[in-house]
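Student: Dropping a structure here in structure tokens format, bear with me for questions.
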Amino acid sequence: MSTGTYRWLARYFDHLFEHQRPFPIARKVVFGPLLPAVSSACDLCCGTGELALNFAAQGIRTFAVDLSPDMCRITREKARAALLPVKVIRADMRAFRLPRQVDLITCEFDAINHVPRKSDLARVLKCAALALRPGGHFVFDTNNRLAFETVWNNTWFIDKDPVAMVMRSTHKPGTDKAACEVEFFIREGQIWRRRHEHVEEVCWTMDEIRQALAKAGFGEVQTWDAAPFFDDQLTQPGARTFWRARRNG
Ligand SMILES: C[S@@+](CC[C@H](N)C(=O)[O-])C[C@H]1O[C@@H](n2cnc3c(N)ncnc32)[C@H](O)[C@@H]1O
């Protein structure tokens, strides 16, 4: 990803997607039971910081990592405004380091799919393993091939003043890649400004992810299909998977 990505998306992320992040039920099931024993956590690819602030508000020592300068700025501003001690680190998920190991790393909303190459999964998992204490957990969700064939092979339009956004996604059948051209029309008084952003994702099979987790030193792998968690028309069974893996001791 170029550092320009998630610039306009960052600025209007909460405004446009606040009702489209149906994660509370999944969180309760996938990592809720771990939380009583979590004293430190990192939200990787933290976006606008909602989960990081949520952790910090529970008294968890919290790090938040994202590559987008705008996402980092927004998370820092929110944490400051809420008087919550979140340490925001601008870094690539393929090369991030934390000042100390944590009990839990989360990476939500198919953020892990945003790496340029399928082989990058190994790099992300290696960094996550190093950043976790032995026995710590990594929780993430993936868009699977089915999501590329359905959601990422479509055009979506969101109109929420002062922004209208068109997302034109494409997926070449038989590949593990998808791309999205995002056109923004932003009203500034009487003027409409047009902005553009390009986002790409890659996906893996369940077996590829399991093998990469094992190679990076993770065990006790559990998965949940996202469809029962998400009360929407978009998330078909098989389209998104939640993963929880434990760093070997
Ligand atoms: C779909 S958003 C999800 C944000 C947040 N996790 C959430 O659930 O709202 C993907 C996030 O991944 C970040 N991102 C994309 N590529 C990245 C990379 N290579 N390293 C770190 N962050 C990255 C983007 O800046 C963006 O904030």
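The values are calculated or read from the model by the stated rules, or taken from the named source; none is laboratory data. What you see is a predicted model, and the numbers here were worked out from it, not measured in a lab. Note that we place each Cβ from the backbone using ideal geometry, even for glycine, and neighbour counts take in every protein chain shown.
Student: If you take the residues in region 24-45 that are within 15 Å of the ligand (Cβ to nearest atom) and among the β-branched types (Val, Ile, Thr), which one is surrounded by the most Cβ atoms within 10 Å (Cβ to Cβ)?
Tutor: Looking at the filtered set, the residue picked out is 30.
Student: Of the residues 111, 128, which is touching a Phe, Trp or Tyr at 6+ places or on another chain (Cβ under 7 Å) and touching a residue at least 40 places away in the same chain (Cβ under 8 Å)?
Tutor: One residue alone meets the criteria, 128.
Student: I want to confirm something. Restricting to region 75-94 and keeping residues that are touching a helix residue (DSSP H, G or I) at 6+ places or on another chain (Cβ under 8 Å) and small (Gly, Ala, Ser), which single residue is farthest from the ligand (Cβ to nearest atom)?
Tutor: 82
Student: Something else about it: Quick check: anything in region 222-243 assigned to a strand (DSSP E or B) and in contact with a His (Cβ under 9 Å, 6 or more places away or on another chain)?
Tutor: no
Student: All but one of (1) assigned by TED's automatic domain parsing to the domain that holds residue 25; (2) surrounded by 14 or more Cβ atoms within 10 Å (Cβ to Cβ); (3) charged (D, E, K, R) hold for residue 215; state the number of the condition that does not hold.
Tutor: Exception for residue 215: condition (2).
Student: From the list 195, 244, which one is surrounded by 14 or more Cβ atoms within 10 Å (Cβ to Cβ) and closer than 17 Å to residue 107 by Cβ?
Tutor: Within the list 195, 244, the selection yields 244.
Student: Which condition breaks for residue 68 when tested against (1) among the polar types (S, T, N, Q); (2) surrounded by fewer than 19 Cβ atoms within 10 Å (Cβ to Cβ); (3) within 16 Å of the chain's Cα centre (by Cα)?
Tutor: (2)
Student: Filter region 161-190 for residues that are more than 17 Å from residue 17 (Cα to Cα), in contact with a Cys (Cβ under 8 Å, 6 or more places away or on another chain) and of a type in the set (A, V, I, L, M) and give the result.
Tutor: Listed by number, the list holds a single entry, 178.
Student: Condition first: hydrophobic (A, V, I, L, M, F, W, C) and more than 14 Å from the ligand (Cβ to nearest atom). Now tell me which residues in region 123-134 satisfy that.
Tutor: Selection gives 129, 130, 132.
Student: While we're on this one: Please tell me if residue 117 is surrounded by fewer than 14 Cβ atoms within 10 Å (Cβ to Cβ), over 17 Å from the mean Cα position of the chain (by Cα), assigned by TED's automatic domain parsing to the domain that holds residue 26 and basic (Lys, Arg).
Tutor: no
Student: Does region 98-112 hold any residues that are outside any loop (DSSP other than H, G, I, E, B) and either over 16 Å from residue 41 (Cα atoms) or within 13 Å of the chain's Cα centre (by Cα) (or both), and which are they?
Tutor: Answer for region 98-112, where residues must be outside any loop (DSSP other than H, G, I, E, B) and either over 16 Å from residue 41 (Cα atoms) or within 13 Å of the chain's Cα centre (by Cα) (or both): 105, 106, 107, 111, 112.
Student: Further, regarding this structure: If you scan region 3-20, which residues turn out to be within 10 Å of the ligand (Cβ to nearest atom) and at pLDDT below 75?
Tutor: Once the filter is applied, which keeps residues that are within 10 Å of the ligand (Cβ to nearest atom) and at pLDDT below 75, region 3-20 yields 3, 5, 20.
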